[in-house]
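One structure is given here, and the rest of the page talks about it.
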Amino acid sequence: MISDVGILGLGKAVPNRILTNADLEAMVDTSDEWITTRTGIKQRYIADPEIAASDLGYEAALQALAAAGVKADELDLIIAATTTPDMPFPATACIIQDRLKAKGAAAFDLAAACSGFIYGLEVGRTMVKAGYQRVLVIGVDVISRLIDYSDRSTCVLFGDGAGAAVLGPVETGYGIIASEIGADGSGAGLLHVPAGGSRMPAQLETIENKSHYVKMSGSEVFKFAVRVICDSSNRVLEKAGTACSEVSWFVPHQANVRIIKAAADRLNIDRERIYVNVDRYGNTSAASIPIALTELDEAGQLKSGDLVLLVGFGAGLTWGSALVRWGGMIL
Ligand code: ACO
């Protein structure tokens, strides 16, 4: 008999190199003061040229497996949520599967930008419900590869990283007790990378025009983010029959501290229950939520029975939320 689906172990990985606001001041016309007050970001990690998504994803996966006490060959499925795969194919999940020696696992990538980890959790949850016993969900992005470091409106925002979670069945009432994912493709043009796909393959012209870099309508994305964080959180809380006041930890996608505060104010969540680490990592896209969750776990802040609300949003436009009751017996 299958019960609920829980997070059995978590892991994270970031590259070694730190890019500070002071470093950016030397690269573009910006200031630590502007970046700090408009975004809350002080530094971010940037991968050296030889590091790809599978390298960071693999490190995070190893940690998550160790934390869960699960061997790689016990995995039934690996989902890598990424929009910066090592290459168009094979899937980054397959490259990680090989490095982990997870011979029995199916593996595929999932592209939902910054909502990728929540999308991965939702797909992983339904796969466990369908009978897959151990599912590894990785959120990884080397998003610096898509950033124009002469464009001050985007280059200050992002950082590289990976986070991972092992999912499996847990006793009823624990694990992911309510969730949703959603999309509004009419907003695709608000946050996109025009070139590098079948619409506009790489050519000299696309490189000259900088079409391989992130283009973003910042203030539109800001408004969308605050709205969907609130709406999606409320829908998931309602599904679970609980209230925001019962949530122990609110772990939103880490894009901008002002987005997080505006949404938290509307949801009436006190600052002590909001997890924020965007100051140290910047926006790590699909990795941001699992990195935050891993930090909370490592700090011993997640207690059995705690309600943890995860909310993501990103390009697509996409969003998703998952309400997790921490702990519970692993089945
Ligand atoms: N340093 C100094 N000045 C800057 C910088 C910078 N790094 N960037 C922009 N400015 C300037 C602008 O040129 C503008 O100048 P102007 O008034 O002379 O034209 C001024 O600052 C204000 O710019 P705004 O865009 O209005 O600033 P805003 O307060 O909206 O902040 C920001 C911009 C931080 C991008 C904000 O809109 C934001 O965070 N949006 C959401 C972005 C986001 O979360 N994206 C990721 C989504 S997830 C995913 O899937 C990837």
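Mind checking whether some residue in the stretch 45-55 is of a type in the set (A, V, I, L, M) and more than 19 Å from TYR281 (Cα to Cα)? No, the conditions are met nowhere in the stretch 45-55. Among residues belonging to the stretch 179-194 that are surrounded by fewer than 19 Cβ atoms within 10 Å (Cβ to Cβ) and in a strand (DSSP E or B), point out the one that is nearest to the ligand (Cβ to nearest atom). Only one residue tops the list, namely HIS192.
Considering only residues that are out of contact with any Pro (no Cβ under 8 Å at 6 or more places or on another chain) and within 28 Å of THR284 (Cα to Cα), which ones fall in the stretch 229-244?
Our first condition is that a residue be out of contact with any Pro (no Cβ under 8 Å at 6 or more places or on another chain); within the stretch 229-244, this holds for 230-244.
Scanning the stretch 229-244 gives CYS230, ASP231, SER232, SER233, ASN234, ARG235, VAL236, LEU237, CYS244.
If you check PHE224, PHE250 for being crowded, with 17+ Cβ neighbours inside 10 Å and either touching a Lys or Arg at 6+ places or on another chain (Cβ under 6 Å) or within 15 Å of ILE118 (Cβ to Cβ) (or both), only one passes: PHE250. Across the stretch 302-331, the number of residues qualifying as of a type in the set (Val, Ile, Thr), within 16 Å of the ligand (Cβ to nearest atom) and under 17 Å from SER248 (Cα atoms) comes to 1. Please indicate, with yes or no, whether at least one residue in the stretch 157-177 is farther than 26 Å from VAL137 by Cα and within 11 Å of the ligand (Cβ to nearest atom). Scanning the stretch 157-177, I find no residue that is farther than 26 Å from VAL137 by Cα and within 11 Å of the ligand (Cβ to nearest atom), so the answer is no. The set of residues from the stretch 82-107 being outside any helix (DSSP H, G or I), more than 16 Å from the ligand (Cβ to nearest atom) and closer than 24 Å to ALA202 by Cα comprises ASP86, MET87, PRO88, PHE89, PRO90, ALA91. Among the criteria (1) within 16 Å of the ligand (Cβ to nearest atom); (2) in contact with a Lys or Arg (Cβ under 9 Å, 6 or more places away or on another chain), the one ILE118 does not fulfil is (2). Residues that are more than 18 Å from the chain's Cα centre (by Cα) and either in a loop (DSSP other than H, G, I, E, B) or free of Cβ contacts under 8 Å to residues at least 40 places away in the same chain (or both) do occur in the stretch 116-129.
Each reported figure results from applying straightforward, stated rules to the coordinates on display, with no laboratory input. Nothing here was measured: the structure is a model prediction, and the numbers come from that model. Glycine also receives a Cβ, built like all others from the backbone with ideal geometry; neighbour counts cover every protein chain displayed.
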